[in-house]
Amino acid sequence: QRPRQSMLRAVLPASTHGVLAVSLTLAAWIASSDAFLLSPAVTLGHAKPFAQSLRMTATASGTSVIREARNAKEMRYNKLGDSDLLVSEVCLGTMTWGKQNSEEEAMKQMDIAFEEYGVNFIDTAEGYPIPLQPETSGQTDKMIGKWMKNKKREDVILGAKVSGASRRLTWLRDNKQGTRVSREQIFESVDKSLERLQTDYIDLLQIHWPDRYVPLFGPNQYDYDMERAAISFEEQLQAMADLVKQGKVRNWGLSNETPFGVMAFVSLALEKGLPKPVSIQNSYSLLTREFESGLAEVCSPSHTNTGLLAYSPLSAGVLSGKYDLKVREHQFSETLDADKSPVAPFQGNDPNCRLNLLKGYKQRYEASQAPNAVLEYSKIAS
């Protein structure tokens, strides 16, 4: 039996005009085949059109980026933004290790991903596993560090994250005053991550979420009244540049960021002659498609060439069709209440299910039209 509850991120050539075909094929593949062994969640890569020669076995068509055969061992690799990183199109996410997953399961998942499937890219964060709690904080990093002791460091592309602004996360910093993306805290975060990971450099350091106010993890409407004083873009950028200069970080990127944030960092980097962010890790799936508007234009290879690492492309696993959750009637179907997802063996009632680990997450999901959409997608995928 394969390890359960892993978080997978698919790194695909990021031609967004093919997203529907990509996502449906991915959902169908996972829902109908056990060839995809590291389920539930995914990270998409944004490669330059002229970098096709760097994509081993890459397809030419933007709408057929998923291989037709189910031989998952034929991994493809994409150049990540302006970096020199050639990353597997599937990145192994790790945020369940230490909470939903044991250390033994984490080790097996890494072994399978790297040895059987050609994955070379792992993504972690200083606060993992989720939910972020003081008693488990940093456990994910320690598992990765233990596993990497027996690997050639150059064979592993390691992504890590420094936390954004939070008054709640008082246990991550020595001053016990919560987290900010200040120069001092960025350096502290990196040094502690390197120690836990048992390495002397990070391939991709990401700002997990912005220091300034942005609507996150639920509401997506900007509220002027929520604006607050923030660490300057210049201080954050200079800290990243200095870490690159010191060799502790090879490249840096953003996460849960907006078009304004990407443009601010990139413009300032060009003005100052400093390393710009090479990637952005944002949620992107058939249920979360905000990237396709402003961010798609900003991150285009023709503009800032900021590679997309799309987390949760299966929307916490629900797009696999494995959950049989509440479905609300709506104008597009008269039979939804009588229908069941063709691949839905679970009710989502397990307290360790990701839908239940985060407070209010399952309720917010069921109160939306998302379950209806998942049901229809599952029918197509089956």
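Taking the options 123, 84, name whichever one is surrounded by 18 or more Cβ atoms within 10 Å (Cβ to Cβ) and either modelled with pLDDT of 95 or more or within 26 Å of residue 292 (Cα to Cα) (or both).
Residue meeting the stated conditions: 123.
Within the bounds of segment 147-154, is there any residue that is closer than 18 Å to residue 98 by Cα, assigned to a helix (DSSP H, G or I) and modelled with pLDDT of 95 or more?
yes
Which members of segment 209-260 meet the condition of being out of contact with any Leu (no Cβ under 9 Å at 6 or more places or on another chain), buried (at least 22 other Cβ atoms within 10 Å of the Cβ) and assigned to a loop (DSSP other than H, G, I, E, B)?
Of everything in segment 209-260, just one residue is out of contact with any Leu (no Cβ under 9 Å at 6 or more places or on another chain), buried (at least 22 other Cβ atoms within 10 Å of the Cβ) and assigned to a loop (DSSP other than H, G, I, E, B), namely 211.
Can you find, within segment 278-321, the residue that is modelled with the highest pLDDT among those that are β-branched (Val, Ile, Thr) and more than 15 Å from residue 83 (Cα to Cα)?
So the first thing to find is which residues in segment 278-321 are β-branched (Val, Ile, Thr), and the list is 278, 280, 288, 298, 304, 306, 318.
In the following step, the residues that additionally are more than 15 Å from residue 83 (Cα to Cα) were identified as 288, 298, 318.
On the way: 288: 90, 298: 97, 318: 86.
That would be 298.
Please specify each residue of segment 249-298 satisfying the condition of being in contact with an Asp or Glu (Cβ under 6 Å, 6 or more places away or on another chain) and of a type in the set (D, E, K, R).
Matches in segment 249-298: 250 only.
If I filter segment 180-203 for residues that are assigned to a strand (DSSP E or B) and under 21 Å from residue 269 (Cβ atoms), do I get at least one hit?
Looking for residues that are assigned to a strand (DSSP E or B) and under 21 Å from residue 269 (Cβ atoms), one finds at least one in segment 180-203, hence yes.
Within segment 158-178, track down each residue that is touching an Asp or Glu at 6+ places or on another chain (Cβ under 9 Å) and either surrounded by 16 or more Cβ atoms within 10 Å (Cβ to Cβ) or closer than 27 Å to residue 81 by Cα (or both).
Matches in segment 158-178: 158, 159, 160, 161, 162, 163, 164, 165, 172, 173.
The values are calculated or read from the model by the stated rules, or taken from the named source; none is laboratory data. Keep in mind it's a predicted model, so treat the numbers as computed, not measured. Here Cβ is always computed from backbone atoms with ideal geometry, including for glycine, and neighbour counts include all displayed protein chains.
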